[in-house]
Every structure is written in structure tokens, then in C-alpha cells.
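Shown next, in C-alpha cells, is the structure this report addresses.
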Amino acid sequence: QPHTYSYHLPNSKMSTPEAAAAADPAIAELTDQIAKLGVSIAEAKQAKKPKEEWDPLLKEMLALKVEYKAKTGQEYGPNKEEKKPKGNDSQEASDKNKEKRAKKAAEKAAKEEKKRKQREERERIQREKLEKLKSAANEDWSHVFGDAPMIQSATKSEEGVNRWTRIEALSKEMEGKKVLVRGFLHTARGVGKGAFVLIRSSLYTVQCVAFESKDIPSAMIKYMNGVPVESIVDVYGTLTVPANPVEGATQSEVEVQVEKFHCVHKATAAMPFQMEDACRPDLVKETDVGAYDHEANASAEGGRVGQETRLDHRWIDLRTPANQSIFRVQSMVCTLFREYLLS
């Protein structure tokens with residue numbers, strides 16, 4: 001068996017391999033080999049070479065370390081049990097970092113104070129919002145929005161049907177006037193704290209806009225966005241002229257700033273198709289007589305309502321501007337024939 005060497009150099013600043021090498025030339029050569037192999041492995045790893053190239057060097061170095069331990073009785077490398085003595089150096093480092101630690105503590109305290117103020121501000125806003133909602137819930141808003149009560153011929157207004165303004169009569173010359181319009185709810189969409197609804201009557205449509213304010217509660221915005229399409233609604237408000245024309249509405253030069261919104265009759269059943277899709281022009285060429293394609297006319301893909309679906313729900317399809325225009329032309333032709341025959 002190889003001899004075991006132990007070395008005690010309390011006053012030496014050299015690591016364990018350096019101390020052992022200084023005492024024995026054989027160990028010095030062994031230490032030098034291990035160091036060179038370590039440098040070669042480190043360079044190979046830094047160059048990102050495959051493991052297959054430097055793995056033999058690693059095995060050789062481990063074998064030399066085993067031989068080193070057998071000869072010296074110690075692991076190769078610095079003694080793990082040795083601790084760096086605490087002295088003036090650590091005290092000086094502590095003094096140097098004292099100001100830095102104090103600065104970090106001050107920054108942390110400032111951040112905590114900022115978070116506390118932000119939390120208090122959020123709580124204040126939340127309390128005000130809850131109080132506002134509570135007051136709005138206690139207040140009766142039925143005169144501003146909601147389901148209109150049934151009249152049942154109990155009362156009769158002096159204006160009669162004249163109290164409603166026809167949608168086709170709305171123009172920019174009426175800017176600033178109060179109007180009351182009735183029609184089908186064509187579309188409704190919510191944007192932030194506002195609601196945009198499109199009202200349709202006969203062939204004409206107009207956009208109505210409402211935003212949350214002291215006179216319009218948030219519950220009204222939710223109500224307007226939640227009314228089913230094709231419901232009959234009454235809208236009261238001020239007629240205004242927007243900066244840009246309203247796309248998608250026949251009365252594109254005006255819009256109604258909503259002040260009151262009531263649902264006269266709510267659409268209870270689910271629509272078999274969207275009126276917005278049915279009102280789109282059909283770009284597909286109609287099939288010739290005798291060449292009816294059941295699948296093509298029954299499908300409603302891509303926002304297109306099939307012909308069979310339209311015929312199965314004809315009473316709804318007659319609300320579209322295209323079909324109404326066809327029957328208006330037909331009616332006018334018949335009227336001209338009657339006038340000629342009566343003359």
C-alpha cells in the first residue's frame with residue numbers, strides 16, 4: 001500500500017495541493033498533471049466541444065485525484081473545513097456597505113409607502129363606486145329606462161301617432177331637437193361605459209348613442225346592451241350631427257343622443273338567423289328554375305342566410321329592406337294599374 005502523508009502548515013497561505021507539492025516532488029508532479037488536465041477540460045467546455053472529446057481527460061483527472069488522495073490522505077483542492085478568518089477586512093467591508101444598506105432600506109420604505117397610498121386610493125374609489133351603485137339602486141330609474149308598461153287602452157295621448165318621429169324624416173336640419181323614435185333593435189354593442197344601438201323601421205335605420213353620466217346610470221348601459229335583437233324599443237333623445245358619417249345606417253348624417261330607452265316588446269324566442277346577416281346583399285348567383293340546390297340554399301355559412309331558411313321563416317325575412325322594396329315596387333305597379341282602370 002502507498003504511504004499516507006499528512007501535512008500541517010498552519011502559517012502557510014498555500015492551498016492543500018500546493019502545500020503537499022512543496023513537501024514531495026512526486027506529489028508536485030501529480031498536482032501539476034491534475035491542474036493541466038483541469039485547464040484542458042475548462043477550455044474544451046468553453047469552446048463548447050462535444051463531451052466525447054473531453055470525457056477521457058475528465059476520467060484521467062479523476063483517476064489522478066484518487067491517486068493523490070491515496071498518497072496524501074486528503075482530497076485534492078482547498079480544505080472545505082477551513083473558514084476564512086474574520087478580521088478587520090470583513091469589518092471594513094461591513095462599514096462600506098452600511099450606507100448602501102441604509103439607502104436600500106430607505107428605497108424599500110418609500111416603495112411600501114407608495115403601495116400603501118395606492119391601496120388607500122383604490123379602496124376610496126371602490127367605496128365611492130359602491131355608494132354610487134347603492135344610491136342608483138335605491139333610486140327609481142323606470143322613467144329613464146326599462147320595460148315599458150302595457151297601456152291596455154287605459155290612456156290616450158293627445159298627439160297619438162304624431163308623438164313619434166319617423167326615422168326616414170330625421171335629417172341634419174333637425175339638429176338639437178328632441179325626438180322620440182320607435183323601431184326594431186337591429187344591433188347593440190357596448191364600448192367601455194357606452195352603448196351603441198341601431199334602430200330599424202321599415203327601410204331606414206339610425207344610430208343611437210348613450211354614455212354613462214349623472215343622468216344615465218351604468219345599469220341603463222347594461223340594459224341597452226342586454227335587450228334581445230328584433231325587440232321593439234322606444235328611444236327618446238337629442239338629435240345631433242356626428243363629426244363623421246355613421247357607416248351602416250341609412251340616416252348617416254345624424255345620430256340620437258339617448259336620454260330615455262324603453263323596451264315596448266321584447267323578442268322572447270331565439271332568432272333562427274341574424275337580421276344583420278339577412279340584410280346583407282346576396283352575392284351568390286341565384287339558381288335557375290329546375291336546378292334547385294338544396295344544400296347550397298339551406299346553408300347559412302359565412303354570414304349568408306340560405307334561401308330555404310328564409311322561406312321557412314318568411315315573416316322575419318320580410319323585414320329586410322330588399323324584400324320590403326320588392327313588395328313596395330309591386331304595390332306601386334298594382335296601384336298604377338288600378339288608377340288607370342278607375343279613370
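Being within 18 Å of residue 267 (Cα to Cα), surrounded by fewer than 17 Cβ atoms within 10 Å (Cβ to Cβ) and among the aliphatic types (A, V, I, L, M) is a property that holds for residue 150.
Contact map, segment 259-278: residues that are closer than 30 Å to residue 176 by Cα and touching a residue at least 40 places away in the same chain (Cβ under 8 Å) paired with residues that are part of a helix (DSSP H, G or I) and open to solvent by less than 70 Å² (accessible area, probe 1.4 Å), Cβ distance under 6 Å, separation 6+ or inter-chain. Pairs shown: 261/224. Applying the condition of being of a type in the set (S, T, N, Q) and at pLDDT 50 or above to segment 4-45 and asking which residue is most open to solvent (accessible area, probe 1.4 Å) yields 33. Listed conditions (1) modelled with pLDDT of 75 or more; (2) within 33 Å of the chain's Cα centre (by Cα); (3) of a type outside the set (A, V, I, L, M); (4) open to solvent by 90 Å² or more (accessible area, probe 1.4 Å) are all met by residue 98, apart from (2). The number of residues in segment 176-193 that are within 16 Å of residue 264 (Cβ to Cβ) and open to solvent by less than 80 Å² (accessible area, probe 1.4 Å) comes to 7. Screening residue 210 against (1) modelled with pLDDT of 90 or more; (2) open to solvent by 100 Å² or more (accessible area, probe 1.4 Å); (3) within 36 Å of the chain's Cα centre (by Cα) leaves a single unmet condition, (2).
Among the residues of segment 156-166, are any under 19 Å from residue 252 (Cβ atoms) and either part of a helix (DSSP H, G or I) or at pLDDT 95 or above (or both)? No, that holds for no residue. For first residues located in segment 309-335 and in contact (Cβ under 8 Å) with a residue 12 or more places away in the chain and farther than 22 Å from residue 199 by Cα, partners that are open to solvent by 60 Å² or more (accessible area, probe 1.4 Å) and of a type in the set (A, V, I, L, M) and lie 6+ apart or on another chain with Cβ distances below 9 Å form the pairs 309/300.
Residue 340 satisfies every condition listed in (1) modelled with pLDDT of 90 or more; (2) open to solvent by 70 Å² or more (accessible area, probe 1.4 Å); (3) under 21 Å from residue 183 (Cβ atoms) except (3). Taking each residue of segment 235-248 that is crowded, with 18+ Cβ neighbours inside 10 Å and looking for partners that are basic (Lys, Arg) and part of a loop (DSSP other than H, G, I, E, B) with beta-carbon atoms closer than 8 Å, six or more apart or interchain, yields 239/177. Out of curiosity, is residue 132 modelled with pLDDT of 90 or more and open to solvent by 100 Å² or more (accessible area, probe 1.4 Å)? Criteria not met by residue 132. Would you be able to tell me the number of residues in segment 257-302 that are at pLDDT 75 or above, within 18 Å of residue 321 (Cβ to Cβ) and open to solvent by less than 90 Å² (accessible area, probe 1.4 Å)? Qualifying residue count, segment 257-302: 6.
Scanning segment 229-256 for residues being under 28 Å from the mean Cα position of the chain (by Cα) and within 26 Å of residue 142 (Cβ to Cβ) gives a total of 1. Somewhere in segment 224-234, is a residue at negative phi, out of contact with any Lys or Arg (no Cβ under 9 Å at 6 or more places or on another chain) and buried (at least 21 other Cβ atoms within 10 Å of the Cβ)? So far as segment 224-234 goes, yes, one or more of its residues are at negative phi, out of contact with any Lys or Arg (no Cβ under 9 Å at 6 or more places or on another chain) and buried (at least 21 other Cβ atoms within 10 Å of the Cβ).
The values are calculated or read from the model by the stated rules, or taken from the named source; none is laboratory data. Predicted model, so just to flag it, every value in this text is computed and none were measured. Here the Cβ is made from the backbone with ideal geometry for all residues, glycine too, and neighbour counts use every protein chain on show. Calculation scope for accessible area: heavy atoms of the full protein, side chains included, ligands and nucleic acids excluded. Shrake-Rupley method; radii C 1.70, N 1.55, O 1.52, S 1.80 Å.
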